[in-house]
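The values are calculated or read from the model by the stated rules, or taken from the named source; none is laboratory data. What you see is a predicted model; the values in this text were computed from it and never measured. Methodologically, a virtual Cβ is constructed for each residue, glycine included, from the backbone with ideal geometry; neighbour enumeration extends over all protein chains shown.
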């Protein structure tokens, strides 16, 4: 480990975990060490000068040894691994971060964090994560009668099949978004609405998309604005036609009751996509009119360079910015935190957040 640096353990060296490691490796204040179950992944990281070892995140005893002396651990592994890593962090007294969206895993991590003497931050990445900060910043500056809708799309750079989608991130998390109830505000009151509803079409940055409700992105943020905003909702952006095919799979074929089959189908059939783009489109409507904020993050290349994945870069940059704030003592140091607990202005001060906030303006 380099002198006078924070040792950071990263569990999971895939697209996002590997990107986190590369960002930290380039910063003089951090020394990343990656654990991954895939030998090829470990070899690839080592070839880039990043310390790594082969290990399953579920091996609690070996994990504890690697956690010794670490300032923080970042879980970029599947949701089932998150509680194991969280328990290890609590026992070793180091900070814990994850990019998890699975409700069951998040609930278990929250339970572990209750007795932790170090900070725990779940839901880093794009949504929740960056989107939580952006919506929170907008909501704090909006009148009580405002209705805010956050539209976010993670898409192939170009539509490439009838579904208009590909293998770009955790398929299990995608299915969770598509099948769990969505939390929102309507007329100032907390409401729960079905996923894949509220269908609309819209044009963003000169391109046509469809949008519909999905769960998870704003679940931790919404309850705090009951009675403080008229409306608050989250919708996913997709290329036109996507929802019709997804509805056919879930409803007509009955795969909503056999999600493991749908997961395997998508993992087997969808092409792996590296050339992706992320679209963020916030709309705030109130009696004085409508204001919007739009940003498109481009990434990927024709050679399949995963380091240029827009989603991986956003998720990694946000996680690294949160880590930066924690290690500098800029935020609360014990217990469970949520990305929304770190203000947009505070996050913008981290060097890791420059690519995220550049070009964004207040609505």
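For this structure, a couple of remarks:
- Hits in the stretch 66-85 (condition: closer than 25 Å to residue 169 by Cβ and either free of Cβ contacts under 8 Å to residues at least 60 places away in the same chain or surrounded by fewer than 21 Cβ atoms within 10 Å (Cβ to Cβ) (or both)): 78, 80, 82, 83, 84
- From the list 19, 100, the lone residue that is in a loop (DSSP other than H, G, I, E, B) and crowded, with 20+ Cβ neighbours inside 10 Å is 100.
- Of all residues in the stretch 276-298, none are in a helix (DSSP H, G or I) and assigned by TED's automatic domain parsing to the domain that holds residue 180.
- Residue ID - nearest to the chain's Cα centre (by Cα), chosen from residues in the stretch 153-185 that are assigned to a loop (DSSP other than H, G, I, E, B) and over 15 Å from residue 266 (Cα atoms): 180
- Residue check for residue 88: surrounded by 24 or more Cβ atoms within 10 Å (Cβ to Cβ) and part of a loop (DSSP other than H, G, I, E, B): no
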